[in-house]
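The values are calculated or read from the model by the stated rules, or taken from the named source; none is laboratory data. Bear in mind the structure is a predicted one, so any value in this text is a computation, not a measurement. Every residue, glycine as well, gets a Cβ built from its backbone with ideal geometry; the counts of neighbours run over all protein chains shown. Protein only, heavy atoms only, side chains kept; ligands, DNA and RNA dropped before computing areas. Shrake-Rupley method; radii C 1.70, N 1.55, O 1.52, S 1.80 Å.
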Amino acid sequence: VLQRMAPASSSTHPKPNPITMLTYILRRLGVALCVMFTVAVVSFMLLHLSGDLATAIAGPESSAADVEKIRVQYGLDRPITTQFFEWLAAAAQLGFGRSFYFQNTVMELVGERLPITLKLGAVSLLLAVVVAIPLGVAAALYRDTWVDRLSLLIATIGQAMPNFWFALALIVVFAVGLQWLPVAGNTSWLHFVLPAVALGYYAMPSLMRLTRAGMLDVMGSDYIRTARAKGLSPARVVFKHALRNAIIPVVALAAVELGFMLGGSVVIESVYSLQGLGQLAWDSIARNDYPVVQAVVLIIATFYIALTFVADVLNAALDPRMRTR
């Protein structure tokens, strides 16, 4: 009986079918490209629908002749569809033009700021995962105990507390009060500790709750009871059999959370003066630097879509049942 029940275990999933996997990857890639094109259209049109770009570039004190000169210089007098496809073709080659304010090429600015944002996002996600998964597992194993209630309380506080307020509180306590860590800047790894904690705590609750829910669902499965009946140790049952299946949706959510961190790091970067991509986007919006804004929106969206695509492929590799969806 135990041998007949064993195929339900995560360790005995059917072997991957290369053709099915390739079909799934191509289908998800097609969806990702469609979403990418939609983002490009929206990011291009939002700036053009916000008002007359030539007037915004020239300034409110400029004459009509100056505005018309700007319009011709930047090709704003051509049909909107022509402008879009020319911009899209240039963007595909990473040619986003030159910044109106900084007077550098957009890719030079992005190349300087992007590593800071990527470093902040990666460290923040690592902190969130390292805290959330053990808390979720402990909450599921000790359901309805003080461990479970404490884990849910930590998650609830993280969801309810604004990240900018938490970032300021960290500065007051650890930078001003205790003077353990620097307040602002990005010259050493110590400058990333407080921003990573502030940003990671924002992503931790959803990861913890999903881990807890997945563990509760898996621990009641037949193959877990079978593993226990075989005499496997509790640690092996939890970490080799239960957690392997419960972690599948967490992988996708972690990729989504990383995308949110990259796009939503504007506030944290502003509080800690990190001068990353989020801070560049904020400065560019304030100064009507449209080429930089368009580039930042498209680059962050590309990272977000790529991370979601990778998460889908990883989930399909871990769970072959997902390839039929």
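Per-structure values
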item: Length added when fully stretched, residue 181-residue 45, from 0.36 nm per residue minus Cα-Cα; result: 44.7 nm
item: Only Lys, Arg (+1) and Asp, Glu (-1) charged, at Cβ; the chain dipole about Cα centre in debye; result: 1920 debye
item: For region 115-238, Kirkwood radius (reciprocal of mean inverse C-alpha pair distance, Å); result: 16.3 Å
item: Using a Förster distance of 22 Å, the FRET efficiency for residue 64-residue 101 (Cβ separation, nearest 0.05); result: 0.40
item: Two-site label geometry, residue 77 and residue 282: point separation in nm, points 7 Å out along Cα→Cβ; result: 3.9 nm
item: Span-rule helices in the chain, defined as complete DSSP H runs reaching 27 Å or more along the axis (Cα) with Kyte mean at least 0.5; result: 18-49, 106-141, 193-219, 290-318
item: Given (i) 52; (ii) 59; (iii) 65, the label whose value is percent of Cα pairs over 24 Å apart derived from this model; result: (iii)
item: Those residues of region 273-287 whose amide nitrogen sits under 19 Å from the label point placed on residue 190, 7 Å along Cα→Cβ; result: 273-275
item: Local electrostatic count at residue 210 - Lys and Arg +1, Asp and Glu -1, tallied over other residues with Cβ under 12 Å; result: 0
item: Tail weight of P(r) past 28 Å, computed on alpha-carbon pairs of region 21-156, percent; result: 51 percent
item: Among 250, 39, 176, residue whose mean-square fluctuation peaks in a GNM of the chain (springs only between Cα atoms under 10 Å); result: 176
item: Furthest towards positive pole of dipole, 203, 176, 260, structure part the chain, Cβ charges; result: 203
item: Average accessible surface area per residue within the chain, 1.4 Å rolling probe, Å²; result: 53 Å²
item: Extension reserve of the residue 159-residue 216 stretch, reckoned as 0.36 nm per residue once the Cα distance is removed; result: 18.4 nm
item: Region 141-204: relative contact order in percent, alpha carbon pairs under 8 Å with at least 6 residues between; result: 33 percent
item: Gain on full stretching of the segment that runs from residue 37 to residue 108 - 0.36 nm per residue minus C-alpha separation; result: 23.2 nm
item: The chain: relative contact order as a whole-number percent, Cα under 8 Å and 6+ apart; result: 27 percent
item: Computed accessible area, residue 69, all protein chains, 1.4 angstrom probe, square angstrom; result: 140 Å²
item: Normalised contact order of region 149-293, rounded percent, pairs of Cα under 8 Å and 6 or more residues apart; result: 26 percent
item: Residue 302 versus residue 232: modelled label distance in nm, points set 7 Å from Cα along the beta carbon direction; result: 4.3 nm
item: Candidates 172, 271, 137, ranked by Gaussian network fluctuation over the chain, Cα under 10 Å, top entry; result: 172
